[in-house]
Amino acid sequence: MSESMLDTVLAQFHRAADQIGLKEDHRETMTAFKRILQTQFPVERDDGSFDIYEGYRVHHNVARGPAKGGIRYAPMVSLDEVKALAMLMTWKCAVVNVPFGGAKGGVIVDPAAMSRGELENLTRRFTTELEPIIGPDSDIPAPDMGTNAQVMAWVMDTYSMSRGYTVPGVVTGKPVALGGSAGRQEATGRGLMYVLQDHLRDAGGIQGRKVAVQGFGNVGSVVAKLLQMEGAVVTHISDKDIALHYPTGVDAAAAANYVAQGGTLTEWNEEHGRCEVVDAGDVLTADVDVIVPAAVEHVLTEENAPHVKASIVLEAANGPTTNAADAIFKERDITVIPDIVANAGGVTVSYFEWVQARQYVRWSEERVNEELRRLITAGYQTIAARQMSAKDGATLRDAANWIGIERVVEATELRGIYP
Ligand code: GLU
């Protein structure tokens, strides 16, 4: 049977736990899931009929604070996947040291096959199902794959309507007009850029590096744009329909702008087509310095990992690398900058948004970006230093997991078991 996301994340955990000699009872506590909500609920379609959908919200661990994590709408969502992603959120929040535990939610649905009204119905009904467990002190959802600021606005409104007053702190990633944070939309991509900048600080920087980006949604398009602004040459971009090769570099800012206005890369290529259309698989094995998987999980496998030419894998998606591929990268001396620090910019600015919502204040975009740089760089430097001081060839992922696990264990020990 092929490796599932939960297999990947649990194997990474146990590897890290072995390396730091984690006590057996902590191993059990850290792999236990605090709370799982599974629901099947009806959604009215535009023609008056209704369909039943299945959704989940998982709290992995809340020792360090309220549960935090996105909600994804995608056809391949499963309970195991949501559990894996919730566990990653626990370590991610701990690595960047924001005071949250880990959660994730998902609905098995293809949002592209729904009208806007149907998507609103689905979101409002799912929010109603989640109401017993979400709240600004308990569990704060955010966007993830297939969801966006508008979906968060519906979640916020539905939750607020049943309270009788507006509760802006119940979700993050809201539209700025509703108390969303300046800089949240670009935060994941910007955090990826800051981490790569720091990683290459003593190695010549980002300037002139060739980069291939897989996925051109809110994360991939922004990171492509920002890396280009830092002087990188973005030679490959792709979405689920098309992969494009620009030997001398694409105008990533223009392409990002184009998709932000609702266009697709296929349309972009029709309008600006001076490039080569390549196979989707060619993006990750392109002859570049850095590959940025910014689409779905498990795209780097034992099949393509031996053919990767880049020396750096910047994990923008959650879980893009299977364990088999991770081992191959280690063997081949390819550096993987792991998801739980690389893409932590999103949840970091979610934390800033939550703080602003709870204090009814607004930070400037400059302040948000500066604080983001500070937290995510500190997270990266902590794991890089830890990796350097380890004797036995540990990877950055190992070091990130050690830091994440140790911080959660420390909080757990301080709190004790009650009742
Ligand atoms: N969905 C994003 C992630 O995977 C952001 C989560 C959040 O902001 O709570 O990190």
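Some notes on this structure:
- Placing pseudo-labels 7 Å out from each Cα toward the beta carbon at L178 and E303 gives an inter-label distance of 4.0 nm.
- Using the Cβ-Cβ distance between A378 and R415 with R0 = 22 Å, the FRET efficiency computed as 1/(1 + (r/R0)^6) comes to roughly 0.35.
- Cα-based convex hull volume of the range 250-344 per residue, rounded to whole Å³: 109
- Potential lengthening between S138 and E3 on full extension [0.36 nm per residue; Cα-Cα distance subtracted]: 45.4 nm
- At R0 = 30 Å, FRET efficiency that the Cβ-Cβ distance of R367 and T31 yields, to 0.05: 0.20
- Between L10 and D279, full extension at 0.36 nm per residue minus the direct alpha carbon distance yields a gain of 93.6 nm.
- Rule-of-thumb Rg ratio for the range 63-203 [Cα; 2.2 N^0.38 Å; N residues]: 1.09
- Residue pairs, from the table K34/K68; K68/K92; K23/K330; K23/K92; K330/K391; K92/K309, whose Cα atoms sit over 19 Å apart: K23/K330; K23/K92; K92/K309
- Computed over the range 72-154, relative contact order equals 36 percent, with contacts defined as Cα pairs under 8 Å that lie 6+ residues apart.
- Peptides 297-310, 213-226, 14-27 ranked from most to least packed, by the mean per-residue count of other Cβ atoms within 10 Å: 213-226, 297-310, 14-27.
- Cα-based reach from K225 at 18 Å (exclusive), listing lysines while leaving out same-chain residues under 8 positions away: K210
- Carbon plus sulfur fraction of accessible area for the chain, probe 1.4 Å, in percent: 49
- Taking every DSSP helix (H) stretch of at least 4 residues in the chain, weighting each as -39,500 (n - 2.57) and dividing the sum by the residue count yields a mean residue ellipticity at 222 nm of -14000 deg cm²/dmol.
- For the chain, the solvent-accessible area with a 1.4 angstrom probe is 41 square angstrom per residue.
- A protection proxy built from the mean count of other Cβ atoms within 10 Å ranks the segments 75-82, 165-172, most packed first, as 165-172, 75-82.
- Over the range 270-419, the ratio between the Cα radius of gyration and 2.2 N^0.38 Å evaluates to 1.28.
- Taking the square roots of five times each eigenvalue of the Cα gyration tensor of the chain, the equivalent ellipsoid has semi-axes of 30, 28, 21 Å, listed largest first.
- For the chain, relative contact order (Cα pairs under 8 Å, six or more residues apart, normalised by length) works out to 17 percent.
The values are calculated or read from the model by the stated rules, or taken from the named source; none is laboratory data. On a predicted model such as this, the values are computed, not experimentally measured, just so you know. Note that we place each Cβ from the backbone using ideal geometry, even for glycine, and neighbour counts take in every protein chain shown. All accessible areas refer to the heavy atoms of the entire protein, side chains included, with ligands and DNA or RNA removed. Shrake-Rupley method; radii C 1.70, N 1.55, O 1.52, S 1.80 Å.
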